[in-house]
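Note sheet for the following structure.
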Amino acid sequence: MELFYTHGYHSTTIESILHYASIHKGSFYHFFNSKKAIFLAIINELIAKNIQTKYASIYDSKRPLMTLFDILTHSNHQDFIYSYLVFETKTLDRDIVNDLQKITAAIEEYYLFAFQSEYMDNSEPSRLATMLLATVKGATSQYQHTQLYFEIIETIKSLLLNHVQENRR
């Protein structure tokens with residue numbers, strides 16, 4: 001995953017993966033038949049599971065929206081890798097794009113659940129979840145783990161929580 005993040009999908013070669021992982025070509029091909037296959041495994045085994053683990057607490061929370069913003073505020077390196085990979089591979093192979101879109105849709109479902117749990121109007125949570133997802137994706141791809149990313153998240157949190165409070169009145 002680090003190689004794809006650091007060098008990009010096209011520049012990462014099987015040889016560089018072999019060298020980085022200190023494995024022989026035969027061992028690699030025992031488990032994967034191509035660079036695409038290992039990339040899909042990274043998406044489905046590492047990234048998807050990380051997303052599920054990270055966001056699952058939203059469903060158990062008494063304040064799902066606050067939990068969502070706590071999660072966003074405590075983003076880690078792997079979150080930025082996911083955002084970069086989505087951006088970098090959005091025009092690649094259909095299988096890769098589909099698997100990344102499934103992860104994005106799952107994240108949006110967590111966002112939607114958080115908004116629906118604290119919102120009265122049924123049409124608004126979907127728009128807010130989509131807007132928040134777009135903002136977070138943009139902030140993570142543009143600013144990564146910098147102070148500006150966290151400032152953006154705090155600003156969005158403040159605006160959305162105020163919006164939710166006003167709608168409750």
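A single member of Lys90, Lys137, Lys54, Lys62 is outside any helix (DSSP H, G or I), under 15 Å from the mean Cα position of the chain (by Cα) and not acidic (Asp, Glu), and it is Lys90.
Of the numbered criteria (1) at pLDDT 85 or above; (2) open to solvent by 20 Å² or more (accessible area, probe 1.4 Å); (3) in a helix (DSSP H, G or I), the one Ala114 fails is (2).
Just the residues that are under 16 Å from Leu68 (Cα atoms) and hydroxyl-bearing (Ser, Thr, Tyr), please, taken from the stretch 129-169. Thr130, Thr135, Thr140, Tyr149, Thr155, Ser158 - these are the residues of the stretch 129-169 that are under 16 Å from Leu68 (Cα atoms) and hydroxyl-bearing (Ser, Thr, Tyr). Return yes or no: is Ile23 part of a helix (DSSP H, G or I) and either of a type in the set (Val, Ile, Thr) or more than 19 Å from Leu132 (Cβ to Cβ) (or both)? The answer is no for Ile23. Can you find a residue that is under 21 Å from Leu68 (Cβ atoms) and either touching a Pro at 6+ places or on another chain (Cβ under 7 Å) or open to solvent by 10 Å² or more (accessible area, probe 1.4 Å) (or both) anywhere in the stretch 89-99? No: the stretch 89-99 contains no residue that is under 21 Å from Leu68 (Cβ atoms) and either touching a Pro at 6+ places or on another chain (Cβ under 7 Å) or open to solvent by 10 Å² or more (accessible area, probe 1.4 Å) (or both). Please indicate, with yes or no, whether at least one residue in the stretch 63-73 is among the charged types (D, E, K, R), open to solvent by 40 Å² or more (accessible area, probe 1.4 Å) and touching a Ser or Thr at 6+ places or on another chain (Cβ under 9 Å). Checked the stretch 63-73: at least one residue is among the charged types (D, E, K, R), open to solvent by 40 Å² or more (accessible area, probe 1.4 Å) and touching a Ser or Thr at 6+ places or on another chain (Cβ under 9 Å). When Asp95 is tested against (1) over 22 Å from Ile156 (Cβ atoms); (2) among the acidic types (Asp, Glu); (3) modelled with pLDDT under 90, only condition (3) is not met. Just give me the residues in the stretch 30-46 being among the aromatic types (Phe, Trp, Tyr) and surrounded by 13 or more Cβ atoms within 10 Å (Cβ to Cβ), in sequence order. Matches in the stretch 30-46: Phe32, Phe39.
The requirement of being in contact (Cβ under 8 Å) with a residue 40 or more places away in the chain, touching a helix residue (DSSP H, G or I) at 6+ places or on another chain (Cβ under 8 Å), crowded, with 18+ Cβ neighbours inside 10 Å and part of a helix (DSSP H, G or I) is satisfied by Ser83.
Just wondering, is there one or more residues in the stretch 68-77 that are over 27 Å from His163 (Cβ atoms) and at pLDDT below 80? Looking through the stretch 68-77, at least one residue is over 27 Å from His163 (Cβ atoms) and at pLDDT below 80.
The values are calculated or read from the model by the stated rules, or taken from the named source; none is laboratory data. All of these numbers come straight from a predicted model, not from anything done at the bench. Note that we place each Cβ from the backbone using ideal geometry, even for glycine, and neighbour counts take in every protein chain shown. All accessible areas refer to the heavy atoms of the entire protein, side chains included, with ligands and DNA or RNA removed. Shrake-Rupley method; radii C 1.70, N 1.55, O 1.52, S 1.80 Å.
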